[in-house]
């Protein structure tokens, strides 16, 4: 069952990677319209509530995690509203260890992890998605995660609000 309200931890990208990803997302938005959200890779969640201890744990991640490179390799799509059209991310050992560390700090267990960078939320048909993908530029091979954001989510009202953000260093 999908949880549509709570707090998630998003990985976000360095300036250069963000610019390249936003160029792709903006081109896509000229072709099909969906809700507006920041470019991200969902890393962990949901946290049901947010107390001072959770906020402190989140801020403490800065002391233990460093910037990480991830490999992206293709556009993809599903018949799911919130996984409608995305960039596929390689499940590298480095990314999985990064996620595992964050999950452990919040006592979360991910049964299935599908790392991806969402480009579009919505219910378009497969032929429209394939047509859009064919018009998008070639993907860069690697991008850098240099920020984590604690996000308040309420999908019913299409709310994705940054509560806290930390920068990660090399």
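Each value in this text was obtained by applying a stated rule to the coordinates, not by laboratory testing. Model, not experiment: these values are computed from the prediction. Reconstructed Cβ throughout: ideal geometry from the backbone, glycine too, with neighbour counts over all protein chains shown.
Points to keep in mind about this one:
- Remark: the residue 5-residue 107 segment gains 34.9 nm on full extension, using 0.36 nm per residue and subtracting the alpha carbon distance.
- Short-range pairs are left out: with C-alpha atoms under 8 Å and at least six residues apart, the relative contact order of the chain is 36 percent.
- With Cα atoms, 0 to 90° folded angle of helix 93-105 axis to the chain main axis: 50
- Highest average packing first - 134-140, 41-47, Cβ atoms within 10 Å: 41-47, 134-140
- Principal-axis tilt of helix 126-135 within the chain, Cα atoms, nearest 10 degrees: 90
- Of the labelled figures (i) 15.8, 52; (ii) 19.8, 64; (iii) 15.7, 47, only one reflects Rg and Dmax of the Cα atoms in Å as derived from the coordinates, namely (iii).
- Per-peptide average of other Cβ atoms within 10 Å, ordering 154-162, 99-107 highest first: 99-107, 154-162
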